[in-house]
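Trainee: First the structure, which I've put down as structure tokens, then a few questions once you've had a look.
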Amino acid sequence: MPLLCGVFATGLAFGQGSSAGVEKFEGGKFPGFVVDEVVVPVPSEIFAVLDKLGSPNWKDELRKIKLPETSDRIELSLVFGDVVAEGFVAVQAQDKQTVEDIGRDVINLAASLGLTKAVRPHAQSILDAVKKNDWKGVRKELDQTQTTVRASMQEMRDDDLSQCVSFAGWLRGTASVTSVISKACTEDRAELMNQPMLVEHFTKSIAGMSPSARKHPSVAAIAKGLLKIRQDMESKDGNISQDKVNSIKATCEELLTLINKPEPKKGK
Amino acid sequence: MPSMKTSLRSRVLVLTAALAFILPIAQGTVDEAHDYAMEAATPFVEQGYTVREDYWNGEVVSGQKLAIKHQLFKGNEYAFWLGTANPDCELELAILDVKGQPVHMERKAAKQTVSVRVNPPKTGTYTVVFSVKSKTERGVTWALAYGYR
């Protein structure tokens, strides 16, 4: 996937002469380019840590998503991100039926977005993998589905939709993570919410959208919600309190409810 | 006086040489750079790492340092793989914390690739700093991928 290089200096700079070719921070300007493309972690990266820290009941975290009846491409893209993230939860829960349902939802949503050709092979692979209980394979195909959809949207110059898929997926993943953490909050688990760079990235993405996308009710609500989440993530040492985890959870849930039940258009 | 055939051949040779001088010589693509990164990832996959499908890539001036900010979660082990389609390159790759201190370990260099592992001491934002320096080319391709377990 072709990516652009950003050309702005950061506050980092590097000296010479430390061991094994490693460079130490010394202050000043970074003598190079900062690539401004952000690769957003998939939910399973955090789920993997939660599994190491305990035994979450992932079945409790499953949600039934009803596909909205809309032709609004922003709403469809947001739901797409939500559905793919739900797929990652279903993999953790090893819930075959839910994964199959998600595979079919992915195909339906892709059709509504005009992305059937790009998505169908991945969706079919999801269905094939789940039949074989190949959970690693399902996870890989969910990751590929999301990457392919975003790349296709970018090729179609639909960057706004690509960003919607990305931050909706993050919201769904974060809702699950905060739900698990809130049930048995420890410092190690709460620290997983130390993600200010990602939230700032999403906020910046929305600010960079076209005016019509930025003003879309769902996107505007998400922009506001992200500011609140960013405040809740504020921490001097990266430690996040249980109250803040619960607050992040509540914000994510509110936004996901909005994504899945968009307001009816006026005048219809 | 040269024959017509020799004269035409000479003109073609001169034109070809001129074009080679003016046009950048393609030395592989970013997709090939990614292929090399995936080659470096293979032994890690055998050790249980999951490779992310999303990655970074591009073309850059040889030797130019690049930096990428990335979110890591304490509790996971990560590996980063840098690949280039350009042969005869020196590749550098480091992972730094918010204070600019290196946190990576086990740097492994191979043909057109370099990899590092990192166990992040805290969940948060880290900076991946890297460069690809060719002995012969002015421009180089690169691809950076990562995995976790």
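The values are calculated or read from the model by the stated rules, or taken from the named source; none is laboratory data. Here the structure is a predicted model, which is why all the values come from computation and not from measurement. Backbone-built Cβ (ideal geometry, glycine too); neighbour counts: all protein chains shown.
Trainee: Do the conditions hold for A:ALA207, that is, is it without any contact (Cβ under 8 Å) to a residue 60 or more places away in the chain and of a type in the set (A, V, I, L, M, F, W, C)?
Mentor: Taking the combined requirement at face value, the residue satisfies it.
Trainee: Sort out which residues of the range A:66-111 are assigned to a loop (DSSP other than H, G, I, E, B) and either in contact with a His (Cβ under 8 Å, 6 or more places away or on another chain) or more than 18 Å from A:GLY173 (Cβ to Cβ) (or both), and write them in order of number.
Mentor: A:LYS66, A:LEU67, A:PRO68, A:GLU69, A:THR70, A:SER71, A:ASP72
Trainee: Considering every residue within the range A:157-174, establish whether at least one is part of a loop (DSSP other than H, G, I, E, B), modelled with pLDDT under 95 and closer than 30 Å to A:LYS117 by Cα.
Mentor: yes
Trainee: Another one. From (1) more than 22 Å from B:ASP35 (Cα to Cα); (2) crowded, with 18+ Cβ neighbours inside 10 Å, pick out the condition that doesn't hold for B:GLN101.
Mentor: Going through (1) more than 22 Å from B:ASP35 (Cα to Cα); (2) crowded, with 18+ Cβ neighbours inside 10 Å one by one, B:GLN101 breaks only (2).
Trainee: Need a quick list: strands (runs of 3 or more DSSP E) entirely within the range B:60-115 having at least 2 residues that are within 23 Å of A:LEU53 (Cβ to Cβ) and within 11 Å of chain A (Cβ to nearest Cβ).
Mentor: Where strands (runs of 3 or more DSSP E) fall fully within the range B:60-115 and carry at least 2 residues being within 23 Å of A:LEU53 (Cβ to Cβ) and within 11 Å of chain A (Cβ to nearest Cβ), they are B:65-72.
Trainee: Select, from B:GLU77, B:GLU53, the only residue that is charged (D, E, K, R) and in contact (Cβ under 8 Å) with a residue 12 or more places away in the chain.
Mentor: None of the other options fit; the residue is B:GLU77.
Trainee: Select, from B:PHE44, B:PHE130, the only residue that is more than 26 Å from A:GLU191 (Cα to Cα) and more than 10 Å from chain A (Cβ to nearest Cβ).
Mentor: It is B:PHE44.
Trainee: Of the numbered conditions (1) modelled with pLDDT of 95 or more; (2) within 28 Å of B:LEU72 (Cα to Cα), A:SER55 satisfies every one except a single condition; which is it?
Mentor: Unmet condition: (1).
Trainee: Also, quick follow-up: Taking the condition of being part of a helix (DSSP H, G or I) and over 15 Å from A:PHE88 (Cβ atoms), how many residues in the range A:126-143 meet it?
Mentor: Count: 3.
Trainee: Another question about this same structure. Can you name the residue in the range A:204-230 that is within 24 Å of A:VAL245 (Cβ to Cβ) and among the hydrophobic types (A, V, I, L, M, F, W, C) and is also surrounded by the most Cβ atoms within 10 Å (Cβ to Cβ) among such residues?
Mentor: A:ILE229
Per-residue answers, yes or no, for (1) over 22 Å from A:LEU53 (Cβ atoms); (2) within 14 Å of chain B (Cβ to nearest Cβ); (3) assigned to a helix (DSSP H, G or I); (4) modelled with pLDDT of 95 or more:
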site	(1), (2), (3), (4)
A:VAL177	no, yes, yes, yes
A:SER182	no, no, yes, yes
A:ILE222	yes, no, yes, yes
A:GLY225	yes, no, yes, yes
A:ARG230	yes, yes, yes, yes
A:ASN239	no, yes, no, no
A:SER247	no, no, yes, yes
A:GLU254	yes, no, yes, yes
A:PRO264	yes, no, no, no
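Trainee: Further, regarding this structure: For the list (1) crowded, with 18+ Cβ neighbours inside 10 Å; (2) under 27 Å from A:ASN239 (Cα atoms), I need the number of the one condition that A:MET197 fails.
Mentor: Condition (1) is where A:MET197 drops out.
Trainee: Out of the residues in the range A:33-63 meeting the condition of being facing chain B (nearest Cβ under 7 Å) and under 16 Å from A:LYS183 (Cβ atoms), tell me which one is surrounded by the most Cβ atoms within 10 Å (Cβ to Cβ).
Mentor: A:ILE46
Trainee: Moving on. Regarding A:GLU141, is this residue within 13 Å of another protein chain (Cβ to nearest Cβ) and more than 19 Å from A:LEU256 (Cβ to Cβ)?
Mentor: Yes: the conditions hold for A:GLU141.
Trainee: Quick check on my filter: what residues within the range A:118-158 are of a type in the set (Asp, Glu) and surrounded by fewer than 19 Cβ atoms within 10 Å (Cβ to Cβ)?
Mentor: Hits for the range A:118-158 are A:ASP128, A:ASP134, A:GLU155.
Trainee: I need every pair where a residue in the range B:116-136 that is farther than 16 Å from B:HIS104 by Cα and of a type in the set (Lys, Arg) has its Cβ under 7 Å from the Cβ of a residue that is surrounded by fewer than 20 Cβ atoms within 10 Å (Cβ to Cβ) and modelled with pLDDT of 95 or more, sequence separation at least 6 or different chains.
Mentor: Listed pairs, sorted by first residue: B:LYS133/B:SER62; B:LYS133/B:GLY63; B:LYS133/B:GLU90.
Trainee: Being closer than 24 Å to A:GLY32 by Cβ and modelled with pLDDT under 95 narrows it down to one of B:VAL30, B:VAL103, B:VAL12, so name that one.
Mentor: B:VAL30
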